[in-house]
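The values are calculated or read from the model by the stated rules, or taken from the named source; none is laboratory data. This is a predicted model, so every value here is computed, not measured. Here the Cβ is made from the backbone with ideal geometry for all residues, glycine too, and neighbour counts use every protein chain on show. Side chains included, ligands, DNA and RNA excluded: accessible areas come from the protein's heavy atoms. Shrake-Rupley method; radii C 1.70, N 1.55, O 1.52, S 1.80 Å.
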Amino acid sequence: MKTIKTSFLLALMLCFTVNVSQAQKFFQIHQDNVKPSKMMEYEKIAKEFNEACIEHNVQATWFTAMSNDFRYFYITPMEKFADLDERPFADMAKAMGDKFSDMFDRFDKCYDSHGTYIMAMDEKLSYMPEGQTSAPADENYRKWFYMYYTPENGDKVREGMKAVKELFASKGSKEYYRVYRNGFGSMENFYLVSVSAKDEIDSAKRGKANEEVLGPDRWETFSKVMNHISRMEEYTGRMRPDLAYSPK
């Protein structure tokens with residue numbers, strides 16, 4: 001959260017990133033890697049922070065998610081990279097005085113590391129056949145698959161993911177997913193596949209049904225991705241509407 005306080009000065013390095021004018025949706029992600037022993041304290045401060053934003057009508061918007069390994073993600077949609085130059089918390093900090101800095105000092109005790117980076121939704125690889133671009137409002141449960149690859153295998157991984165999407169479409173799969181790729185601020189190349197459900201049970205049922213829809217030959221298609229990635233990490237999590245924020 002401290003990076004929010006400094007208004008994301010990483011904008012000075014944006015000359016090394018992709019162009020936001022491309023037909024993709026970009027997001028600024030702030031990630032807090034919270035200590036398990038500090039989760040309850042962190043949540044208390046995060047809710048206090050949200051209440052302060054509401055009181056001061058901060059002109060910013062973010063969605064919040066948390067993973068099963070105690071990472072918290074604050075996701076802000078971007079229209080242009082110049083958005084990073086804005087200081088939405090300046091008036092709030094001035095009005096709150098020492099209380100503002102004290103709140104972030106308390107945040108800092110809850111994690112050993114945190115940081116900010118940019119990700120882009122890849123609509124060409126996402127499988128959302130009904131024209132949706134986001135998960136239904138009642139589906140806050142998430143399964144996240146991180147697929148890392150080396151630069152030399154980038155094209156092969158992308159072609160493999162296209163093949164997976166084609167398989168889902170040809171079988172009429174109802175298991176929709178969104179694909180995001182890393183951007184500025186990430187040291188490794190990866191794709192993130194996000195699958196939503198109502199809860200863990202709903203996710204398991206839908207996953208099992210999808211296996212039957214795709215059939216046993218699905219592994220041949222999946223191998224077009226798996227053969228070219230360096231590693232894959234799977235996490236579960238959920239969106240946190242109670243920690244999200246948008247101005248009045």
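Evaluating residue 155 against the criteria (1) under 21 Å from the mean Cα position of the chain (by Cα); (2) under 21 Å from residue 229 (Cβ atoms) leaves one unmet condition, (1).
Among residues of the range 58-81 that are at positive phi, those with a beta-carbon under 8 Å from a residue that is assigned to a loop (DSSP other than H, G, I, E, B) and open to solvent by 30 Å² or more (accessible area, probe 1.4 Å) at least six positions away or on a different chain give the pairs 70/35.
Hey, can you tell me all the residues within the range 61-88 that are assigned to a loop (DSSP other than H, G, I, E, B) and surrounded by fewer than 16 Cβ atoms within 10 Å (Cβ to Cβ)? Listed by number, the residues that qualify are 61, 68, 69, 79, 80, 86, 87.
What about residue 173, is it among the polar types (S, T, N, Q) and within 16 Å of the chain's Cα centre (by Cα)? For residue 173, the condition - among the polar types (S, T, N, Q) and within 16 Å of the chain's Cα centre (by Cα) - is not met.
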